[in-house]
Structures are given as structure tokens and as C-alpha cells.
Amino acid sequence: MKKTNSGILIFGIFFLFLIQMAGSLVESIYILDLMNTSLDEKVLGLLFFFSPVLLFFYRKKRPVQTVWILFGLFFLARGLTPWLNTMGRMLASGIGTGTGLMLFPFLLTAGVKDDSDNRPALWVSAGLALAIGFSVFLRTVNYGLDYSLFPEGGWVGWGLGAALGFFLTRLNWTSPEKRQTNSRPSALAVTGIFLVLSLAWFAFSAPAVIARWTESDYRIIVMAVCLLALGWVGISLGRPGWIEIITPKWLQIWNLLFTLALILAIFAHRVPFPQTPDSPAVVVSAPTWLQQLPLVLMLLSFPVIFLNLRVFVNRIWQANPGPSDLVPGMFLGSLTLVVLVFLQIFTNVWGYVEPVSPWFRNKFWLPFLLMAGLITLLIGRKGLSVLDNQPELKSALPSGWIVFLALIFLGTAGSALYTTRVRTFETRDNTLVVMTYNIQQANDNFGESSFKEQLALIREVAPDILALQESDSTRISLNNNDFVRYYAGKLGYYSYYGPTTVTGTYGTAILSRYPLQNTRTVFTFSDQDEVGTAEAEIEIGGRLFTIYNVHPDGSDTAMLVWAESLLERSQDKSNVIALGDYNLRDYEEAYQLIDDTYTNAWTSVYPSEVSPDGTDMSGENRIDHIFFSESLTAVNPVYILPPESATDHPVHWAEIVWE
């Protein structure tokens, strides 16, 4: 059992590192290309995913030396990543991803020294479950961001890497003498492994992703995923042979059920966007209990991915390949993974990478259908056995593991509750400080991570209402980082994420010191980006305020449609505050339409558009605005320009007062 423990820990740490490195690689490439909203040579960084093709030249000599060279690079890349700038992170995480993928075939074909009862399928399956459980913990404890991927938590990577190195000394790297003559079955099984890892990376290793799809309770989702993943580890250790009761037919049914639940969980929140300028706006309010039923079914059935992984690894082990025999499957798996990454990103940037990307508009569900659907098809192939063909180990779950798994779960549950608590603030008399901040996915205008600087600036201003644009970072292109949750948790604010990530917008989140009521998102016609305006209401001293966080974009027609919709929806409201990144200058028609009805905070105080301290926000300089009803008055409006704003936009705030 001790040797089995080593195997699970090896794959647990390995998969955690691999998911972290792949996520950091894609995030770094995306951020660097975000600066010019187009693809360039940096996208070639994805070639790191194809590093396993180098094993074609591996001649089965000196496997021990090869393994330790790969591990050394993997260890150093993972350890250094938290301290590097964006370009450095791209290179380090690329090396980490490439060497990790090259190390994987050696891990799959290795055995534990002096152990005739090798169970690699069990190790890999339980290892992925352990990696997911620990990943959930690392993200939950740090308000939605992976604690170990930032300097303050960098010690975790070094410590786990050292542990991985120690456990690797317990493996036997001698290549097996028996060789298969047909690599096709193994190639399909390896591709299946990549599909399972993709599902883990895209969603389950960071359950905030699922919460953002569905507007569901983050705490429940986090605890459910963590509990089920760690429960799989416990079952694998205590009753590894239990899968004998699952026939191939029932495994296929389980996969079909999971695939259906996964796709329905996404489709339940899919929006039928307005297709023409004359189409009415689409209003999306809080989901009903019926919309959440597929989510419940998906969470309950998702552990099937661990069983699928066990089946795929078992198929490979039965074929008894050497590391180089797995290269065709590794190449096919890497290709599949990269295609899935592009598909996911194109659903968000469909207006920018023509002529390919427009077809992917509103197809957020597609990569998930491909992942789960292809796994189901591969599992249904004849010749894939559910069983390990080995006797069950007769042993109770070790007490050390019970304590270890319980600590991870309790730490996750406690963190989920602690990081979502809301503070109580003193009410300002007849005053609201409102702030609009385009955070550019928490990056500055040089493409470097700046969430700490942004949070410090927000704390200095201490707004009552904070409107964030370009805040929908909870997706793989930005390593599933939930910056809205991070800011709201650190500030102790209420929050409304706004349009879900399923819709493919750039995010219009509202954070508030006051409870947010009647939250909803309004979608208007768009021909480049989805235009989703977040709306909410707050009540202060019996006075009701309606808050609009806006971020329109597109052609002049789309901008006019949006402006007309905003005025129509707000015409009966007495205390309106509409703030955000308008992408409009004061000489444009849509701006003037709004300016005829509402008051602009900056120009109402500084008609010349230049403040006494010389801040010039005239002409092209000003597209972030705060508008409000005539019953309200602006005091002390401020713009802070880049680079002091820690983003590529000015940050803008003002005091809104009333009698």
C-alpha cells in the first residue's frame, strides 16, 4: 500500500503542475496578444504542447538520465514561474508544459521498484482526482486565484516539486522487453487521456469557472467538486477493485449522462442574442431552479472522468509499450488539446480573428461537447476493458490518508465560506462614491499582471459602487482566474458578475458596499463584441438607485442601438447612475444621445474638460464616463491615467450627492 501511495502522490503532483503550466502558458500568450487584439508570432508558444514528438528520436537508451533531465527542467520551470514577468512566464510555463508532456510517457510505462503489483491505472486515476482536489483548495484559499502561482505562494511549487522528485526515486525506469506491434489502440487511449485532462483543466480544477457559467452558489460548487474528487482518492485507496461492478455498458451510460448534463448546464444559460438592429433587447435575470437541475446532475456525475482515465491507462498498460511507442498518441492528443483551446478562445473573440472566428459566435458549448462526446465514443470502443485484471488489494483506507484528505476538504470548505463573507460599512450621508475601472483582465498597459496595484487603488478610493469592465477572466485564456471574486472578497463587497462567461462578453461586473437587488444583464445587437450591460439596484435611506455598468462596442449602428436601449430602459428611473467604458467620445452621435438626457460627471464640474491640476480629458482622451440623473450632482470627479491606473484605461471616479 505504501508503494501505491507513492504512485498516487506522483501523479497527483504531476497533474497539478501540468495543469498549472498549461494554464500559465495559454494565459501568457493571450495577455501578450491582448495588447494588439490579434494573433501574432507569440501564438507559436503553443508549439510547446507538441514537445513529445521529440521522443521519436528517443532510442530507448539511458531512460534514467532522460527522466531526470526532463524532471529537472520541469521542476525549475514550475518553481520559477510565479516570479517572472509575462514574457518570462510564457517561456517558463512553455518549457514546463513541454517537459511535463515528454515526461508523461515515461511515467505511464514505469513501475514501482520491487513491486510485482503495479497499478498504474489506479495511480493515474486517483492522482488526477488528488490534483483537482488540491487545485480547488489552492484557488479557494486565495479568493479565486491559484495561491501557488504568485510570489507569496511560490514556496508551494518548490515544496511539491521536491516531493515529486523524492517519489520519482521509487520508480523503475527500465523499459519493458515486450513490445506491441500495433500502436493504434494505445494512440486512441492516449488521446482519451488528453481529453480527460482537458476537461479537468477547462472546468473542474477551478470550479469558479462552473459558478460563472451558471450564476450558482460558488461555495456549494467548490465544496462539491472538492469532496467528490477527494472521495475518489479515498475509494481508490480503500476499495480499488470496486470498479469490477461497473460493466462497459454502464460505464457508457454514465458517460452519456455526464455529457448530456454538462452540455445542458451550459445551454441552460445560453442567450439568443439580438440578430438585427431592430431586434428587441434580451434581458437575462437570475436563473430559475429548473435551469440549475443540469448543473446538479453534472456535478454528481463528473467523477466518471476519473474512471475513464483508469480505463484508458489500463488499455495502455495491457499493450505494454515503451515511451516512444506512445508518441503517435501524444501528438494526436496534443493536437486535439490545442484545437480545443482555440475553439474555446474563438467563442470569446469571434469578432477579431476573421474569417475563422465569426462562426464560433455563441458556441461556447462546442469544445465541451467535443471533449465529453469524444471520451464517450472512445470508451464505447470494443477492446477497452473497465477492469485492471488484478486482484483487489485487501486493506482499509490508511488513517494518514483520511487525515490528509479531510484537511484538504475542510480547508477548502472553510476558505469558501471565509472568502465570500461581506463586510458592514458605515453609510455616507447623502453621498455615493462611484468608480468605473476597465481592468483589462487585471493587466497593466505593458501586459503585466497588476491585480495587486489595482486592488490597492480601489482600496484608496474606497468606492461605494465599483463598475469593472473586461473582468470576465474566469476562462482558460486567462488561466481561470476569478478577479471579480478576488476583488469582492478582499474588499468585503457584494458583487454581481454580470453576463456569464457562456455569453462570450468581456465582462461588466458590479461590486457594491450595499446589497444588490434585481440584478440582470441586457444584451443588445452587436456586430463585433457581445454587448451585455449589467444592471442592479441599491437602496439608501429609502431612495432607490439604478446602476448600469456599460461596455458597448461595434459599429456606429450597434452603438446607437445600445444607447437607445439604455435610454429606453432607464426612462422611468429617478436616480440613474450609468458608468463604464462607453467606447464613445463626446463628438460621437451615441454619446450625444445619452448626454442630452443625463449629466456627465466630468464636464458638469469641468466644462472645459480640463481639471485645475491639468488633467486633460478632452477629445480622444475620454471614453470612460459617469452619467447620472438630473436629480443628482457630481463632486470631485477624478481621472487617473495610465500607467498610474495600473491598466490600459484611465480609472475614473466621482462623488454623487443629493439633497
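The values are calculated or read from the model by the stated rules, or taken from the named source; none is laboratory data. Worth saying up front: this structure is predicted, and the values here are computed from it rather than measured. We place every Cβ from the backbone using ideal geometry, glycine too, and count neighbours over all the protein chains shown.
Couple of notes before you dig in:
- Residues in region 581-627 that are of a type in the set (D, E, K, R) and out of contact with any Pro (no Cβ under 8 Å at 6 or more places or on another chain): ASP581, ARG585, ASP586, GLU588, GLU589, ASP595, ASP596, GLU609, ASP613, ASP616, GLU620.
- Cβ-Cβ under 6 Å pairs, at least 6 apart or on other chains, region 75-88 side farther than 12 Å from GLU27 by Cα, far side assigned to a helix (DSSP H, G or I) and among the charged types (D, E, K, R): THR81/ARG89
- Candidate set from region 318-348 (those that are free of Cβ contacts under 8 Å to residues at least 40 places away in the same chain and touching a helix residue (DSSP H, G or I) at 6+ places or on another chain (Cβ under 8 Å)); member that is nearest to TRP173 (Cα to Cα): LEU343
- Within region 456-466, considering residues that are of a type in the set (A, V, I, L, M) and touching a Phe, Trp or Tyr at 6+ places or on another chain (Cβ under 7 Å), the one surrounded by the most Cβ atoms within 10 Å (Cβ to Cβ): LEU466
- Candidate set from region 572-586 (those that are in contact (Cβ under 8 Å) with a residue 24 or more places away in the chain and in a loop (DSSP other than H, G, I, E, B)); member that is surrounded by the most Cβ atoms within 10 Å (Cβ to Cβ): TYR582
- Qualifying residue in region 373-381 (condition: modelled with pLDDT under 90, loosely packed, with under 15 Cβ neighbours inside 10 Å and either assigned by TED's automatic domain parsing to the domain that holds ASN85 or touching a Lys or Arg at 6+ places or on another chain (Cβ under 6 Å) (or both)): yes
- Among the conditions (1) buried (at least 21 other Cβ atoms within 10 Å of the Cβ); (2) touching a residue at least 60 places away in the same chain (Cβ under 8 Å), GLU453 misses just one, which is (1).
- Scanning region 315-352 for residues that are buried (at least 17 other Cβ atoms within 10 Å of the Cβ) and not in a helix (DSSP H, G or I) yields PRO321, GLY322, THR347, ASN348, VAL349, TRP350, GLY351.
- Annotation: VAL522 fulfils all but one of (1) assigned to a loop (DSSP other than H, G, I, E, B); (2) surrounded by 19 or more Cβ atoms within 10 Å (Cβ to Cβ); the unmet one is (1).
- Test: residue in region 108-119 that is of a type outside the set (Gly, Ala, Ser), modelled with pLDDT of 90 or more, closer than 27 Å to PHE404 by Cβ and over 23 Å from the mean Cα position of the chain (by Cα): no
- Test: THR508 is touching a residue at least 12 places away in the same chain (Cβ under 8 Å), among the β-branched types (Val, Ile, Thr) and surrounded by fewer than 24 Cβ atoms within 10 Å (Cβ to Cβ): no
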